[in-house]
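Enquirer: Starting off with a structure, shown below.
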Amino acid sequence: MNIPLRFAILSFAHFHANFWAQAILDSPMAEMIGIWDDDPVRGQVAAARFNTSYWEDLDALLASCDAVGITSETVKHADLVERAAHAGVHILLEKPLATNLEEADRISRVVQETGVTFMQNFPKRYDPVNDELVQLVKSGEIGEIVMVRVRHGNHHLLDLGDQASQIWYSQPQLSGGGALIDEGIHAADFLLRLLGYPQSVIAMTSNTALGLPVDDSAMVIYKYADGKLAEIATSNTFVGADESVQIFGKRGTIILSGVDMASKELAQPPFLRFFQQDEASRGWQGSSLIPEFQKPEFHHGGPNYFLECLLTGKPPIATLDESRMSLTMVLAAYRAAETGQIQYIKPFSSH
Amino acid sequence: MIGDRTRIGIIGAGFISDYHIQGLQAAGGEIVIISSITEESALTKAKPYEIANATGDYREVLDRQDIDAVLILTPDFTHRDLAIQAAQAGKAIYLQKPMARNSTECREIIAAARQAGVPLYVSFMHRYFEEVERTQELLNENFLGRIFSVRQRNATAGAKWASWFYKKENVGGGVVMQLGVHGIDLLRFLFGDIVAVRATLAQTKHEVVLADGSVVKPDNEDLALITYRFADGMIGNHEAIYNEVAGTDRFRMEIYGEKGSAWLRTERGRLAIYAPQYLGHSGWFTPDLTSQDSGLRQHNHFLQMLSGEVPSDRSAQDGLISILVTEAIYRSADSGSWVEVEQP
């Protein structure tokens, strides 16, 4: 593939488009060809902002670039992925993958049929602090895992006040859901990496804090085939927080702080701490690693990783199946909350 | 709701009704009946919009069991009584601005709606202009940094289709109540609460010739110069004027922040942005705003609130607060000093 890669951004519905555009402008690996948006004014404002051109014709833009970042409303992901893949353009996609599994399957199918490189952006996967955490767990330092809790959230919608109902995140037909699918998906993907695929789920969601047609808060409990339990607590109303991840093993505990918006400004180093019963005299021990999330260039990570995949052939940060699994975990939690019934998550069947 | 369309009755078939009928029908609302002062004027309005029923008696609208909501689009002095009767009839209420002639009437309307358990909305159409929606999105992204000041002008040539605008007892004041209230709400919508005001008012014309040739002798102010202090320390300037021949298309607004400026409805176009840090380059940027369908967006929002798809927008409370601001303006004009806005 030629350097610099010709890159375009499709839709500025998701705020992360701003970070991605800046990452492309800052990268020697790529050049920004332009922006397309089904909302022309949004596209024009973005193009003016990043000193690039707004393209009315999506097909013409796709014919002129090697790769795109798709940051549209979630319900439009499948359509745009199909358009880009059929044009032979490689795709970096914002999370969540889709609003339902039918759309997710359309994405899987077209990516397999066309052979384009596809990566869904899961920033926790390329954060070295999580590598260290996973390494601690896998090496048995805290013994067999019994329980994991992940608290992950922000206060974006709370801050918007009355205007929160106007934005697309709050409209379930566009977003597929609220805090759980938008923020909880990060926690689901993290659990997927740490513990694999769960067997069952119970959950409750609530929208009373903000009164929106989507959940502003959710609590979810997964159970795994070997009996482990994992909890997700997520919300768009967390104004302050500290610990994000708590992992309880039979011989120790790991705590990770400062890796969500609610704790970003408040958590203090060491961000990764662990306690080992065998070393009880040493108390809590801290890692010197600073999570990527604490760094200003954090959001450059996804586009940069993706560009490296295209240029070096290294595999994307998450496979399509993994993207589908974390979405399945979230959708099963929604079903559990709606029905009040435990949901058994079907073993993943390949398409 | 009967079927899947919200069914609505309209009270008032004057100048503003075209805007609301067109917006509501485009948004998919079904207008079942319209009333006016006379059956004849109701029929004249109903025909081109294919509204099935027309009447000269608003009680026929309120008595209907097959409607979910009423739009009250009548002169200001009727708002209180009509809204309270609509609440007692169990209808959701959509009330043209200004909410009423004074804060007492506004509170009576809110209490009646609360007692009857019906939704109450006050229409502020300027919120739905595309340039306003875009500005609000950009403000959410903090594109100008901290905002220091805003200038706003509401100016028209004055209504020429009815005499009631020009009598204080009908509108509870003058240009401040009828036209200025648009700007008061828009400033609050974009920049938050107004805590204090200082105002100078004047009556510059003592005779107005209406479209039908009749002459009315106004007894209320037609020019207002107002300064606002906002809760976050920002200062705003607002002119409301009835005697402008040309120069302002309903409103113009200039926003000045630490990182740039934004102008709405000026000679630079519907929206012009100068924000070098946000845009990454200097020079004015003017996105191609094309949407003219603010009525459609406003009534989409109304129907979605009625069906519970989006939460209520608190416009009834905002309607009351905008009137509390006007009352502070009149008190300031009398005293010549800063006046705090009363709490709702």
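Every read-out reported here was derived from the displayed coordinates using simple, explicitly stated rules and does not represent laboratory data. Quick caveat, the model's predicted, so the values are computed rather than measured. Heads up, the Cβs are rebuilt from the backbone with ideal geometry, glycines too, and the neighbour counts pull from every protein chain shown.
Enquirer: Could you tell me how many degrees, from 0 to 90 and to the nearest 10, lie between the Cα long axis of helix B:315-335 and the main elongation axis, the longest principal axis, of the Cα atoms of chain B?
Expert: Relative to chain B, helix B:315-335 is tipped by roughly 60 degrees.
Enquirer: When B:HIS126, A:HIS152 are ordered from fewest to most other Cβ atoms inside 10 Å of their Cβ, what list results?
Expert: B:HIS126, A:HIS152
Enquirer: Next question. Is the stretch B:1-65 best put as rounded, prolate or oblate by its Cα gyration tensor, with a ≥ b ≥ c the root eigenvalues, rounded for a/c under 1.5, and otherwise prolate when a/b is larger than b/c, oblate when not?
Expert: In terms of gyration-tensor shape, oblate.
Enquirer: Which distance in Å, rounded to a whole number, links the C-alpha centroids of the stretch B:189-213 and the stretch A:1-26?
Expert: Measuring centre to centre over Cα atoms gives 48 Å.
Enquirer: Let me ask you something else. Could you tell me how many degrees, from 0 to 90 and to the nearest 10, lie between the Cα long axis of helix B:17-26 and the main elongation axis, the longest principal axis, of the Cα atoms of chain B?
Expert: 90 degrees
Enquirer: Take the Cα radius of gyration of the stretch A:55-176 and divide it by 2.2 N^0.38 Å, with N its residue count; two decimals is plenty.
Expert: Ratio of Cα Rg to 2.2 N^0.38 Å: 1.36.
Enquirer: Residues of the stretch B:188-211 with the amide nitrogen closer than 19 Å to a label point 7 Å from the Cα of B:ILE235, along Cα-to-Cβ, please.
Expert: Once the point is set 7 Å along Cα→Cβ of B:ILE235, B:188, B:191-201 turn out to lie under 19 Å by backbone N, inside the stretch B:188-211.
Enquirer: Right, another one. Relative to the present Cα-Cα distance, how much length would full extension add between B:ARG250 and B:GLU207 at 0.36 nm per residue of separation?
Expert: Using 0.36 nm per residue and subtracting the Cα-Cα distance, I get 13.2 nm.
Enquirer: Of A:THR71, A:GLY115, A:ASN2, which is farthest on the positive side of the dipole of the stretch A:1-137, counting Cα position, with +1 on Lys and Arg Cβ, -1 on Asp and Glu Cβ, and the Cα centre as origin?
Expert: A:ASN2
Enquirer: Determine the equivalent ellipsoid of the stretch A:237-351 by diagonalising the alpha-carbon gyration tensor, then write out the semi-axes as square roots of 5 times the eigenvalues, largest first, rounded to whole Å.
Expert: 29, 24, 17
Enquirer: Here's a follow-up. Using the structure shown, select from A:LYS138/A:LYS314; A:LYS124/A:LYS346; B:LYS167/B:LYS205; A:LYS223/A:LYS264; A:LYS223/A:LYS250 the pairs with a Cα to Cα distance greater than 19 angstrom.
Expert: A:LYS138/A:LYS314; A:LYS124/A:LYS346; A:LYS223/A:LYS264
Enquirer: Here is a further query. What does the helix-only formula give at 222 nm for chain B: each DSSP H stretch with n ≥ 4 adding -39500 (n - 2.57), the total divided by the residues, and the result rounded to the nearest 500 deg cm²/dmol?
Expert: Dividing the helical sum by the residues of chain B leaves -9500 deg cm²/dmol.
Enquirer: Could I ask something else about it? Pop a pseudo-label 7 angstrom from the Cα along the beta-carbon direction at both B:GLU258 and B:PHE15 and give the gap in nm to one decimal.
Expert: Roughly 4.3 nm, to one decimal.
Enquirer: For B:SER337 and A:HIS155, what is the calculated FRET efficiency with R₀ set at 30 Å and r taken between the beta-carbons, to the nearest 0.05?
Expert: Using R0 = 30 Å, I get an efficiency of 0.15.
Enquirer: Still on this model: Could you check how many percent of all C-alpha pairs in the protein assembly as shown are farther apart than 51 Å?
Expert: For the protein assembly as shown, the share of Cα pairs beyond 51 Å comes to 22 percent.
Enquirer: Something else now. Antiparallel DSSP bridges in chain B: what percent, to the nearest 5?
Expert: 60 percent
Enquirer: Tell me the trypsin sites (Lys or Arg not before Pro) within the stretch B:136-233 that lie in a loop according to DSSP and have at most 11 other beta-carbon atoms within 10 Å.
Expert: Here the sparse-neighbourhood loop sites are B:ARG146.
Enquirer: According to the square roots a ≥ b ≥ c of the eigenvalues of the Cα gyration tensor, what is the shape class of chain A, taking rounded for a/c under 1.5, prolate for a/b larger than b/c otherwise, and oblate for the remainder?
Expert: Verdict is prolate for chain A.
Enquirer: List, in order, the whole-Hz ³J(HN,Hα) value for each residue of the stretch B:77-87 obtained from phi through the Karplus relation with A = 6.51, B = -1.76, C = 1.60 and θ = phi - 60°; use x for Gly and Pro.
Expert: 6, 9, 4, 4, 5, 5, 5, 5, 5, 5, 4
Enquirer: Subtracting the Cα-Cα distance from 0.36 nm times the residue separation, let me have the gained length for B:ALA162 to B:GLN22 in nm, one decimal.
Expert: Using 0.36 nm per residue and subtracting the Cα-Cα distance, I get 48.2 nm.
Enquirer: Here's something else I'd like to know. How much net charge surrounds A:PRO316 when only other residues with a Cβ under 12 Å from its Cβ are counted (Lys, Arg +1; Asp, Glu -1)?
Expert: Result for the neighbourhood of A:PRO316: -1.
Enquirer: Right, here's the next one. In degrees between 0 and 90, to the nearest 10, how far off the longest principal axis of chain A does helix A:40-49 point, with axes built from Cα atoms?
Expert: Computed tilt is about 80 degrees.
Enquirer: Can I ask one more? With labels modelled as points extended 7 Å from the Cα through the Cβ direction, what inter-label distance (nm, one decimal) is found for A:GLU102 paired with A:TRP284?
Expert: 4.9 nm
Enquirer: May I pose another question? Let me know the volume per residue of the alpha-carbon convex hull for chain B, in Å³.
Expert: Taking only Cα atoms, chain B has a hull volume of 137 Å³ per residue.
Enquirer: About its Cα centre, what dipole magnitude does the stretch B:7-123 give when the only charges are +1 on Lys and Arg Cβ and -1 on Asp and Glu Cβ, stated in debye to the nearest 20?
Expert: 360 debye
Enquirer: Take B:CYS106, A:CYS65, A:CYS309 and order them by how many other Cβ atoms sit within 10 Å, fewest up front.
Expert: Least crowded to most crowded, the residues run A:CYS309, A:CYS65, B:CYS106.
Enquirer: What FRET efficiency would be calculated for the residue pair B:THR38, B:GLU267, taking the C-beta separation as r and a Förster radius of 45 Å, to the nearest 0.05?
Expert: The computed FRET efficiency comes out at 0.55.
Enquirer: Here is a further query. Only bridges whose two residues both fall in the protein assembly as shown count here: according to DSSP, what percent of them are antiparallel, nearest 5?
Expert: Looking only at bridges with both residues in the protein assembly as shown, the antiparallel portion is about 60 percent.
Enquirer: Can you classify the stretch B:195-344 as rounded, prolate or oblate using the Cα gyration tensor, where a ≥ b ≥ c are the square roots of its eigenvalues, rounded means a/c under 1.5, and otherwise it's prolate if a/b beats b/c and oblate if not?
Expert: rounded
Enquirer: Given DSSP loops and a limit of at most 14 other Cβ atoms within 10 Å, what is the longest stretch of chain B that contains no such GluC sites (Glu not before Pro)?
Expert: B:51-140
Enquirer: Once phi is turned into ³J(HN,Hα) by the Karplus curve 6.51 cos²θ - 1.76 cosθ + 1.60 with θ = phi - 60°, what whole-Hz value does each residue of the stretch A:320-336 show in order, with x for glycine and proline?
Expert: Rounded to whole hertz, the list is 4, 4, 5, 4, 5, 5, 5, 5, 4, 4, 5, 5, 5, 5, 4, 5, 4.
Enquirer: How long are the three semi-axes of the equivalent ellipsoid of the stretch B:7-123, in whole Å, if each is the root of 5 times an eigenvalue of the C-alpha gyration tensor, listed from largest down?
Expert: The three semi-axes for the stretch B:7-123 are 22, 14, 13 Å.
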